[in-house]
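Undergrad: I'd like to ask you about the structure that follows.
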Amino acid sequence: MNKPFNFKQFTVQQDQCAMKIGTDSVLLGAWTPLDTNPFSILDIGAGTGVLSLMLAQRSTAQLIDAIEVDDLAYEQCVDNFETSPWSDRLFCYHADLAEFTEEIEDKYDLIISNPPFYSEDYKTESGPRDLARFTDALPFDHLLDCVSQLLTDDGVFSVVIPFKEEDNFIALASKVTLFPKKILHIKGSPSSETKRSLIVFSFSESEIKKETLIIETSRHQYTQDYINLTKEFYLKM
């Protein structure tokens, strides 16, 4: 699990990060719409920096900032940025979200986050992994409040959350006048339950475009939709 993760155009070192590269991040980074041609992007809770790197590959954004509170993950993110082809466009802040929101004067055209989200009481023996994985490190209402302050008026916020949290998250977002525009439901297989929701929010209410993505038809038999979405990144797609 600590081996570098090689994508087609960049490599991510992950041995210092509690949360390794996973399907959630890759799907979010590949799916997040860029039709607004964002000039500035913010990645909240960057971890390895994979979301920022994916958006650097996909977009022409000149300013891609990331924030990461964990010491080791921050250092790894910086290293991954510096060794990437887009090091001149990427910057990581070592800060927590509250202090960053208070101090930064910029606003961002696109904000992206794969936030910690196991709200169950279960904890592992790994402090950094718990911090990366549990909502008490970054409660949804706190995340949304900060996003609403950091987002430009016509900007968009893209996030991945557990499907079971979707209604609650949308309700919390509406309190800071953020409304869903697009939702992608993720299923592991045709017969499995919906596991994740990828959601794009903006400050304007509109009809919600909903779609479902199934990852595989059987073990390692990936659907064409999944291949089409991830083929610019995964080596074997």
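The values are calculated or read from the model by the stated rules, or taken from the named source; none is laboratory data. These numbers were taken from a predicted model, which means no experiment stands behind them. All Cβ positions, glycine included, derive from the backbone under ideal geometry; neighbour counts span all protein chains shown. SASA here: full protein model, heavy atoms, side chains in, ligands and nucleic acids out. Shrake-Rupley method; radii C 1.70, N 1.55, O 1.52, S 1.80 Å.
Undergrad: Restricting attention to the stretch 157-185, which residues are open to solvent by 10 Å² or more (accessible area, probe 1.4 Å), of a type in the set (V, I, T) and in contact with a Leu (Cβ under 6 Å, 6 or more places away or on another chain)?
TA: Across the stretch 157-185, the qualifying residue is only V176.
Undergrad: Now a separate question. Could you tell me how many of the residues in the stretch 58-107 are closer than 24 Å to T230 by Cα and part of a loop (DSSP other than H, G, I, E, B)?
TA: 10
Undergrad: Name the pairs: first residue in the stretch 212-236 and in a helix (DSSP H, G or I), second residue among the aromatic types (F, W, Y) and surrounded by 13 or more Cβ atoms within 10 Å (Cβ to Cβ), Cβ to Cβ under 8 Å, at least 6 apart or on different chains?
TA: Hits for this filter: L229/W31.
Undergrad: Something else now. Is it the case, given these coordinates, that F157 is within 16 Å of the chain's Cα centre (by Cα) and outside any strand (DSSP E or B)? Before the answer, list the steps.
TA: Working: within 16 Å of the chain's Cα centre (by Cα): yes; outside any strand (DSSP E or B): no.
No: the conditions fail for F157.
Undergrad: Taking the stretch 163-215, which residues are more than 28 Å from Q149 (Cβ to Cβ) and hydroxyl-bearing (S, T, Y)?
TA: Those that are more than 28 Å from Q149 (Cβ to Cβ) and hydroxyl-bearing (S, T, Y): S189, S191, S192, T194, T212.
Undergrad: Moving on to the next point. Just the residues that are open to solvent by less than 20 Å² (accessible area, probe 1.4 Å), hydroxyl-bearing (S, T, Y) and in contact with a Gly (Cβ under 9 Å, 6 or more places away or on another chain), please, taken from the stretch 6-39.
TA: S25
Undergrad: Could you look through the stretch 137-151, keep only residues that are touching a residue at least 12 places away in the same chain (Cβ under 8 Å) and open to solvent by 30 Å² or more (accessible area, probe 1.4 Å), and pick out the one that is nearest to L172 (Cα to Cα)? Even if it seems obvious, please write down each step before you answer.
TA: Let us first name the residues in the stretch 137-151 that are touching a residue at least 12 places away in the same chain (Cβ under 8 Å), namely 137-138, 140-151.
Filter once more, keeping what is open to solvent by 30 Å² or more (accessible area, probe 1.4 Å): 137, 141-142, 145, 149.
Values: A137: 17, D141: 6, H142: 10, D145: 9, Q149: 15 Å.
Among them, the one singled out is D141.
Undergrad: Something else now. Counting only residues that are open to solvent by 10 Å² or more (accessible area, probe 1.4 Å) and not charged (D, E, K, R), how many does the stretch 51-72 have?
TA: If we filter the stretch 51-72 for residues that are open to solvent by 10 Å² or more (accessible area, probe 1.4 Å), which is where we start, we get 57-60, 62-63, 68-72.
When the remaining residues are screened for being not charged (D, E, K, R), the result is 57, 59-60, 62-63, 69, 72.
Residues in the stretch 51-72 being open to solvent by 10 Å² or more (accessible area, probe 1.4 Å) and not charged (D, E, K, R): 7 in total.
Undergrad: Conditions first: (1) crowded, with 24+ Cβ neighbours inside 10 Å; (2) more than 18 Å from L138 (Cβ to Cβ). K3 passes all but one, so which condition is the exception?
TA: Here K3 meets the rest and fails (1).
Undergrad: What about Y93, is it under 18 Å from I111 (Cβ atoms) and among the aromatic types (F, W, Y)?
TA: Numbers: under 18 Å from I111 (Cβ atoms): yes; among the aromatic types (F, W, Y): yes.
Criteria met by Y93.
Undergrad: Look through the stretch 192-230, keep the residues that are among the charged types (D, E, K, R) and under 18 Å from the mean Cα position of the chain (by Cα), and return whichever of them is surrounded by the fewest Cβ atoms within 10 Å (Cβ to Cβ). Break it down into steps so the answer makes sense when it comes.
TA: Residues of the stretch 192-230 that are among the charged types (D, E, K, R), as a first pass: 193, 195-196, 205, 207, 209-211, 216, 219, 225.
So of that shortlist, the ones also under 18 Å from the mean Cα position of the chain (by Cα) come out as 195-196.
On the way: K195: 15, R196: 24.
So, considering only residues that are among the charged types (D, E, K, R) and under 18 Å from the mean Cα position of the chain (by Cα), the one surrounded by the fewest Cβ atoms within 10 Å (Cβ to Cβ) is K195.
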